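The values are calculated or read from the model by the stated rules, or taken from the named source; none is laboratory data. Everything quoted here is computed from the prediction, not taken from an experiment. Cβ sites come from the backbone with ideal geometry, for glycine too, and all protein chains shown count toward neighbours.
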Amino acid sequence: MERWIALALEAGFTHAAPLDPAKLRVNEEVRAMCAANKCRAYDHNWTCPPNCGTLDECAAQIAGMRTGLLVQTTGTLEDSFDIDAMEETEERHLNQFHKLAGQIREAFPGALCLGSGGCRLCETCAHPEPCRFPDKACSSMEGYGLLVNDVCELAGLKYYYGKGTLTYSACYLLP
């Protein structure tokens with residue numbers, strides 16, 4: 001795991017820590033937030049609920065993993081309206097996440113890569129047509145019913161790094 005933490009930090013993530021999948025718990029309330037469809041992706045994206053599986057299926061998939069890695073990208077905001085910095089931090093996080101996901105999947109076929117928010121590999125998801133990139137698509141931690149704050153705590157990382165910051169979190173669970 002030390003090697004992957006070092007690779008994550010070299011890739012540009014701000015923080016990285018080991019994560020024990022056996023301690024992760026799916027949460028019905030988190031899935032209910034997805035069902036409220038505020039992001040307009042619920043049942044319109046292959047990697048979002050309900051298409052990413054039931055909570056029982058997600059829990060079973062997580063339970064099949066032996067180790068994990070939590071990664072974070074923290075950006076600095078000039079003020080709470082610094083949309084440019086928010087977008088730059090998110091884009092940087094997504095690029096780093098997908099790049100490392102490719103490396104991890106190559107080394108660990110069957111790895112579960114859970115990002116921050118929906119997949120967003122494609123500008124518009126092909127749903128209901130077949131996914132264009134099923135080998136690269138990633139669900140979100142929230143879609144799998146994980147409360148990100150709890151996952152950060154389990155990994156020993158902060159969820160919030162203070163005023164003037166914004167942090168995106170994602171995880172890789174390895175078989």
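Just for region 75-132: of the residues that are charged (D, E, K, R) and crowded, with 16+ Cβ neighbours inside 10 Å, which one is nearest to ARG40 (Cα to Cα)?
It comes out as ARG120.
Quick check on my filter: what residues within region 38-50 are more than 18 Å from GLU123 (Cβ to Cβ) and buried (at least 18 other Cβ atoms within 10 Å of the Cβ)?
Within region 38-50, TYR42, PRO49 qualify.
Please go through region 25-81 and give me each residue that is within 21 Å of ALA101 (Cβ to Cβ) and of a type in the set (S, T, N, Q), ordered by number.
ASN45, THR47, ASN51, GLN61, THR67, GLN72, THR73, THR74
Inside region 141-175, can you point out the residues that are hydroxyl-bearing (Ser, Thr, Tyr) and either at pLDDT below 95 or not in a strand (DSSP E or B) (or both)?
Passing the criteria: TYR144, TYR159, TYR160, TYR161.
If you scan region 116-143, which residues turn out to be of a type in the set (Ser, Thr, Tyr) and within 16 Å of VAL71 (Cβ to Cβ)?
SER116, SER139, SER140
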